[in-house]
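Remarks on the structure that follows.
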Amino acid sequence: MKAIYAEIIGTTILVLLGNGVVANVVLSKTKGNEKNGEWLTITIGWALAVFMGIVVSAPYSGAHLNPCVTISYAIIGKITWNLVPFYILSQLIGSMLGSFIVWILYKDYFLNTKSEKDKLSVFVTIPAIKNLFSNFFSEVLSTFVFIFISLFLTSEGSIFLREEKKIPVGLGALGYLPSSLLILGIILSLGGATGPAINPTRDLGPRIIHSIIPISGGKGNSDWGYAFVPIIGPIIGCIMASILYLFLT
């Protein structure tokens with residue numbers, strides 16, 4: 001149960017801070033509202049959100065925070081398949097809680113924002129140019145790169161005292177930085193098309209919240225016709241990455 005609670009709390013923090021930085025940048029009259037440099041601000045904010053979510057949950061659940069991580073770990077044998085549904089449900093609950101808190105915090109600023117697209121972007125990913133084929137490919141590719149590299153990451157190193165002996169050393173919380181830097185690099189390099197979700201629940205949970213809550217000044221539709229792209233695309237990408245990892249190792 002600790003692992004389940006950790007995934008809920010970690011994913012809540014991830015989405016709260018990730019969607020929170022989007023709200024701060026795009027909603028009208030916030031302290032962070034800006035039109036120049038918003039992409040970099042959001043990208044760095046999401047990378048830091050990943051780091052903070054991992055720090056809280058890693059000691060108890062391994063900090064998956066993402067169904068793609070959970071599925072890839074099951075494929076390579078790092079966890080058993082019977083745990084997968086529980087992890088994914090926990091991640092979905094956390095993503096919904098995180099986005100709901102963002103809505104509560106920024107209710108006044110939603111009221112002052114006229115653009116329905118900007119309001120929706122606080123919750124979900126929106127492609128720069130809507131082309132379902134290229135959007136889907138963007139999600140598959142971004143998640144493939146993320147999972148493939150993640151499977152090679154380690155938070156431990158070692159120091160050699162003598163030729164025949166070495167002692168493992170950890171980096172503490174700093175050991176979780178590589179995952180954050182990986183997200184930063186992927187979004188900066190590959191995120192121009194869709195601002196990739198790389199995480200099905202990161203998009204699905206907030207989209208559910210957007211569809212059921214009232215947003216002052218009108219919210220528009222939740223664009224469920226696009227939802228399969230950031231949900232199915234990352235899952236395919238993670239499966240491909242896991243299979244390649246198994247082949248190489």
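The values are calculated or read from the model by the stated rules, or taken from the named source; none is laboratory data. Quick caveat: nothing in here was measured; it's all calculated off a predicted structure. Glycine also receives a Cβ, built like all others from the backbone with ideal geometry; neighbour counts cover every protein chain displayed.
Given the options GLY225, GLY192, GLY217, name the one that is more than 17 Å from the chain's Cα centre (by Cα), of a type outside the set (Val, Ile, Thr) and more than 22 Å from THR113 (Cβ to Cβ).
Numbers: GLY192 fails: more than 17 Å from the chain's Cα centre (by Cα); GLY217 fails: more than 22 Å from THR113 (Cβ to Cβ).
Going through GLY225, GLY192, GLY217 in turn, the sole match is GLY225.
Do you know which residues across the range 131-146 are within 18 Å of the chain's Cα centre (by Cα) and hydroxyl-bearing (Ser, Thr, Tyr)? Before the answer, list the steps.
Of the range 131-146, the ones within 18 Å of the chain's Cα centre (by Cα) are 135-146.
Once the filter is applied, which keeps residues that are within 18 Å of the chain's Cα centre (by Cα) and hydroxyl-bearing (Ser, Thr, Tyr), the range 131-146 yields SER138, SER142, THR143.
Tell me, which residue of the range 226-249 that is touching a helix residue (DSSP H, G or I) at 6+ places or on another chain (Cβ under 9 Å) and outside any helix (DSSP H, G or I) is nearest to ASN131 (Cα to Cα)?
Among those that are touching a helix residue (DSSP H, G or I) at 6+ places or on another chain (Cβ under 9 Å) and outside any helix (DSSP H, G or I), it is TYR226.
Of all residues in the range 177-209 being under 16 Å from ILE149 (Cα atoms) and of a type in the set (Val, Ile, Thr), which is surrounded by the fewest Cβ atoms within 10 Å (Cβ to Cβ)?
ILE186
Would you please list the contacts, defined by Cβ atoms under 8 Å and residues six or more apart or on different chains, that run from a residue in the range 128-141 that is in contact (Cβ under 8 Å) with a residue 12 or more places away in the chain and in a loop (DSSP other than H, G, I, E, B) to a residue that is buried (at least 16 other Cβ atoms within 10 Å of the Cβ) and of a type in the set (A, V, I, L, M, F, W, C)?
Close Cβ pairs satisfying both conditions: ALA128/ALA193; ILE129/ALA193.
Looking only at residues in the range 18-45 that are hydrophobic (A, V, I, L, M, F, W, C) and closer than 16 Å to THR125 by Cβ, which one is modelled with the lowest pLDDT? Reasoning before the result, please.
Kept after step one, since they are hydrophobic (A, V, I, L, M, F, W, C), are these residues of the range 18-45: 21-23, 25-27, 39-40, 42, 44.
The next check asks that each one be closer than 16 Å to THR125 by Cβ; those that pass are 21-23, 25-26, 39, 42.
Numbers: VAL21: 96, VAL22: 95, ALA23: 95, VAL25: 94, VAL26: 93, TRP39: 87, ILE42: 92.
Filtering first and then ranking leaves TRP39.
So which helices (runs of 4 or more DSSP H) are wholly in the range 1-77 and hold at least 2 residues that are of a type in the set (Gly, Ala, Ser) and farther than 26 Å from LEU105 by Cα?
Numbers: elements: 2-26, 38-61, 67-75.
In the range 1-77, the matching helices (runs of 4 or more DSSP H) lie at 38-61, 67-75.
Among the residues of the range 89-112, which ones are in contact with a helix residue (DSSP H, G or I) (Cβ under 7 Å, 6 or more places away or on another chain), surrounded by fewer than 24 Cβ atoms within 10 Å (Cβ to Cβ) and either outside any helix (DSSP H, G or I) or of a type in the set (S, T, N, Q) (or both)?
Correct list: TYR106 only.
Kindly provide the set of residues from the range 72-114 that are within 30 Å of ILE215 (Cα to Cα) and among the β-branched types (Val, Ile, Thr), ordered by number.
ILE88, ILE93, ILE101, VAL102, ILE104, THR113
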